[in-house]
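Take a look at the structure set out below.
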Amino acid sequence: MENVLNLKPKSETSAHEGFTLKRVLPIGVIIGVATLLMLPTFIFGFPAGYDAVRHYRWTWQFSEALGDGAIFPRWLPTANHHQGSPVALYYPPLPFYVAAFFDIFVGTLPAMALSCWTSLMISAAGMYKLARNLLPCGYSLFAAIIYSVIPYHIYDLYQGTAVSEFWSFAWIPFLFNSIYHLSLQKNTQHIFLLASNYALLLFTHVPIAFLTSLLLPILAILLTRKFKNLWQIACGLLLGLGLAAIFIVPIVFEREFVKLQFKFNYQDYFLFKHIDEAFNSALFAKTQTPQSYLLETNVMAVGVAVFFLAITLTLWKTWRWRQENPAGFKLTAAVWALTACCILITTRATRLVWQWLPGLPMLFFPVRFFVVACVGLALLSAIAWWILKASKRRVIYGSILALAMIFNLVISYLAVVRAPHSPEKLQDGLSQREVREYRPIWWNADLESWRNVGSPIVESGEALVRVIDDRGINQSYEITARQDSNIVFRPMYFPGWTAEINGEPVVVEPSASGNLLLKIAPGDYRINLKFADTLPRQAGKIISILSLLIFISLSIWLRYQSGKSLSTHNQ
């Protein structure tokens with residue numbers, strides 16, 4: 001019969017030891033592990049995985065837009081041979097901002113590597129913070145390391161090169177941590193931590209933010225049934241949504257301006273269906289296809305399932321510690337249930353849920369639920385090792401758990417050593433046409449038609465055009481028209497483009513090819529083109545500003561009330 005173990009972190013005995021164990025050691029280990037995992041990228045170059053080309057292209061174009069004077073870019077003016085692209089309106093900006101910062105000092109590809117290195121460190125720090133609610137420093141660091149090296153996390157960088165999804169790993173442990181504290185009603189300041197981290201997730205990856213938004217209420221209800229606690233959690237999430245409104249509101253109201261025609265069907269990517277074929281294939285081959293992606297995710301699914309079953313077996317055999325630490329047991333049980341749901345929903349057994357729940361099919365890849373599952377696996381594995389200390393059968397259960405971990409580490413290792421590295425492929429991708437889901441619905445021109453053509457084009461009539469500035473989101477021209485003329489400018493037509501003729505606003509129309517068209521009468525003109533905010537974009541800004549003011553005001557007020565209460569108590 002196993003001994004009961006109290007899951008309560010040990011307190012250090014001296015200020016010096018506390019500083020060493022709680023500050024220096026975790027920081028050093030987290031930086032060291034992140035650096036070690038990123039070494040292949042630093043040495044061989046940024047991985048050229050599935051999404052590498054588009055993320056490299058978007059990062060480079062985003063940096064160019066910032067250099068053009070846009071503080072919050074909505075338009076990438078250098079895309080499509082300077083016809084531009086609205087992808088920045090729909091794709092979250094946070095990873096681009098981080099890479100753009102590093103791009104000041106190094107090139108774009110090294111900047112992206114440093115961005116991912118930063119993400120790894122934040123991810124590990126968040127997992128360490130979450131685990132410290134239950135575990136001592138060493139085991140919390142173990143959870144942080146497991147979270148860093150778990151296969152899907154590694155795969156997202158070295159094979160998928162899905163930079164934004166890779167960044168989403170950074171915020172979910174912090175979200176779990178804030179919800180746990182609010183469920184215990186320990187510190188209302190976690191409302192603001194919850195809001196800020198939820199906003200950061202929304203600024204990072206829309207599909208992961210969506211599925212996480214579905215799961216967080218479940219976690220909250222599993223942790224507490226008290227209305228006040230649930231209300232505080234809801235307030236934190238709503239405040240976070242308000243902070244991210246500058247990005248979210250335009251997506252909601254302007255999504256019909258792009259084609260959003262994805263070629264993927266979620267039903268083709270359910271897991272645990274092609275396991276035999278997956279293990280008989282050349283895993284992580286240099287030639288990547290949708291079929292190879294499906295097979296590789298099936299291999300990772302087996303790894304996740306084996307790891308989860310080994311953890312479950314260990315926890316089930318030592319369940320009696322719940323009487324010693326009910327809060328810790330409640331968090332562990334809630335995370336276990338959420339992890340089980342994340343694994344289950346990737347299978348065909350839940351296809352009715354996918355059909356019933358609005359928006360879920362837009363995730364396209366069920367494996368994305370593994371982002372949240374990885375949080376659970378890392379935390380639960382550290383708890384499992386900790387409670388094995390009090391088990392008489394720790395050798396048996398420890399061996400099972402160790403074998404499951406080794407199996408997953410082998411998958412991560414293969415994903416790293418077989419990662420494709422091709423700077424030439426990435427460089428060639430800068431001139432590629434924008435992916436079809438982010439093409440404006442008015443645009444049907446051949447990308448190459450504008451490669452060597454000066455801007456603008458006199459489509460009809462007779463006019464002489466002198467270019468002052470035909471690049472970026474602010475353009476200027478001088479035109480002398482001898483008769484009524486139609487002038488087609490290089491930028492794609494998209495809501496937000498405005499024009500002034502001699503200081504007077506005029507209507508901008510889409511041409512037959514989907515570029516900007518101006519109709520002018522005979523005369524001499526100074527024409528200014530500008531990409532400005534539409535009503536939804538302005539509304540999003542206003543909501544975010546108001547939410548930020550509420551965030552700051554309430555935070556100051558709560559700190560004041562907390563200080564006032566402490567002063568009264570001391571008196």
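Before moving on, here are some points about what is shown:
- Chymotrypsin sites (Phe, Trp or Tyr not before Pro) within region 157-232, DSSP loop, no more than 13 other Cβ atoms inside 10 Å: none
- Residues of region 327-341 falling in the label zone of Ala349, defined by backbone nitrogen less than 20 Å from a point 7 Å along Cα to beta-carbon, are 333-341.
- Region 257-313 shape via C-alpha gyration tensor axes, a/c threshold 1.5: oblate
- Shape of region 108-218, Cα gyration tensor, a/c cut at 1.5: oblate
- Between 0 and 90°, nearest 10: helix 108-131 axis offset from the chain longest Cα axis: 30
- Accessible heavy-atom area order of Arg348, Arg490, highest first, probe of 1.4 Å: Arg348, Arg490
- Straight-distance crosslink candidates among aspartates and glutamates, where the alpha carbon sits under 17 Å from Lys530 and sequence neighbours closer than 8 are dropped: Glu64, Asp68, Asp469, Asp470, Glu478, Glu500, Glu504, Glu509
- Net length gained if the chain between Leu184 and Leu39 were fully extended (0.36 nm per residue, minus Cα distance): 48.2 nm
- Taking all protein chains as shown and a probe of 1.4 angstrom, Arg393 keeps an accessible surface of around 120 Å².
- Note on surface exposure: Thr118, Thr498 rank Thr498, Thr118 by accessible area, highest first, 1.4 Å probe.
- Degrees between helix 206-223 axis and first principal axis of the chain (Cα, 0 to 90, nearest 10): 30
- Two-site FRET efficiency, Ala234 against Lys263, from Cβ-Cβ distance with R₀ of 30 Å, rounded to 0.05: 0.20
- Inter-probe distance in nm under a simple model that places probes 7 Å from Cα toward Cβ, at Ala333 and Ile221: 1.6
- Portion, in percent, of the accessible area of the chain that falls on carbon or sulfur, probe 1.4 Å: 63
- Solvent-accessible area per residue for the chain (1.4 angstrom probe, square angstrom): 44
- P(r) tail fraction, region 326-373 - alpha-carbon pairs more than 12 Å apart, %: 66
- Using a simple spin-label model with pseudo-atoms 7 Å out from Cα toward Cβ, Ile27 and Val252 lie 4.0 nm apart.
- Relative to the longest principal axis of the Cα atoms of the chain, the long axis of helix 172-184 makes an angle of roughly 60 degrees.
- Label of the coordinate-derived value, mean projected area of the Cα convex hull in nm², listed as (1) 42.7; (2) 30.1; (3) 37.4: (2)
- The largest accessible area among Val335, Val506 belongs to the first residue in Val506, Val335, and the rest follow in falling order (1.4 Å probe, all chains).
- Accessible-area value, Asp469, 1.4 Å probe, nucleic acids and ligands omitted, Å²: 60
- Arg482 accessible area, 1.4 Å probe, all protein chains in place, Å² to nearest 10: 140
- 23 Å Cα-Cα threshold exceeded, pairs from Lys226/Lys389; Lys259/Lys425; Lys330/Lys389; Lys226/Lys330: Lys226/Lys389; Lys259/Lys425
The values are calculated or read from the model by the stated rules, or taken from the named source; none is laboratory data. Computed from a predicted structure; not experimentally measured. Note: ideal-geometry Cβ built from the backbone for every residue, glycine included; neighbour counts use all protein chains shown. Note: areas computed on protein heavy atoms with side chains; ligands, DNA, RNA excluded. Shrake-Rupley method; radii C 1.70, N 1.55, O 1.52, S 1.80 Å.
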